Amino acid sequence: GNYLRTVASVVDQIIYAAMFGAIGGDAGTAISTATLVAAIGAAAAQGGGYVQLPAGTIEIEALTLAQGVRLRGHGQSATTLVCRDAEAVITLDGDGAGLEAMTLDGQITRSGSIGVHGHDVAEPSPWSAAPPRSAPRRGFN
C-alpha cells in the first residue's frame with residue numbers, strides 16, 4: 001500500500017554516501033566499502049533512510065543493510081555496484097532494507113555464491129512508498 005509522507009520527512013532520511021568519504025570514481029582504485037558502511041550506519045542510526053549513491057561504478061566488498069536502510073543509485077544503467085567477494089554480496093537485515101535504481105554486478109568465482117541475501121525481511125518500512133518486490137533475492141551470481 002501507499003504511505004503518506006511529507007517532503008521534509010523524505011529529505012531528512014536521505015544520506016549522501018559521498019559525505020562519508022571517497023566513493024566510486026573518486027576513490028580511484030580503492031574499494032568503497034568503508035564509505036558505504038559509514039553511510040549505512042548513519043541511516044540506521046536515524047531509524048532508516050536512503051543512502052544515495054553517485055552515478056558510476058562502485059567497487060565493494062560484502063555489505064549488510066540494516067532494517068529500513070535502502071541503497072539508491074541513479075538508475076540501472078547509471079550506478080553499478082561491483083563486488084569482489086564470492087559470498088553474500090548484500091545482506092538485507094530486516095524489513096524495509098533494499099536496493100533501488102542500480103545494477104549489482106557480482107563475481108562468478110564460486111559455485112553457489114549469492115548476490116542478495118534476505119535475513120528477517122518481511123515488509124517494507126512504514127516510510128517507504130515502494131511496495132515489496134516479489135522477485136527472488138537469489139541469483140546475482
Hits in region 2-17 - residues which are open to solvent by 40 Å² or more (accessible area, probe 1.4 Å) and at pLDDT 95 or above: Tyr16
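Taking Thr64 as the residue in question, decide whether it is modelled with pLDDT under 90, open to solvent by 10 Å² or more (accessible area, probe 1.4 Å) and within 21 Å of Gln13 (Cα to Cα). Walk me through how you get there before you give the answer.
Details: modelled with pLDDT under 90: no; open to solvent by 10 Å² or more (accessible area, probe 1.4 Å): yes; within 21 Å of Gln13 (Cα to Cα): yes.
So Thr64 does not fit the description; no.
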Any hit, region 107-129, residues being modelled with pLDDT of 80 or more, surrounded by fewer than 21 Cβ atoms within 10 Å (Cβ to Cβ) and of a type in the set (Asp, Glu): no
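This table checks each residue for (1) open to solvent by less than 10 Å² (accessible area, probe 1.4 Å); (2) modelled with pLDDT of 90 or more; (3) touching a Gly at 6+ places or on another chain (Cβ under 6 Å).
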{"site": "Gly56", "(1), (2), (3)": "no, yes, yes"}
{"site": "Gly68", "(1), (2), (3)": "yes, yes, yes"}
{"site": "His74", "(1), (2), (3)": "no, yes, no"}
{"site": "Thr79", "(1), (2), (3)": "yes, yes, yes"}
{"site": "Glu87", "(1), (2), (3)": "no, no, no"}
{"site": "Thr91", "(1), (2), (3)": "no, no, no"}
{"site": "Gly94", "(1), (2), (3)": "yes, no, no"}
{"site": "Leu99", "(1), (2), (3)": "no, yes, no"}
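The values are calculated or read from the model by the stated rules, or taken from the named source; none is laboratory data. What you see is a predicted model; the values in this text were computed from it and never measured. Backbone-built Cβ (ideal geometry, glycine too); neighbour counts: all protein chains shown. All accessible areas refer to the heavy atoms of the entire protein, side chains included, with ligands and DNA or RNA removed. Shrake-Rupley method; radii C 1.70, N 1.55, O 1.52, S 1.80 Å.
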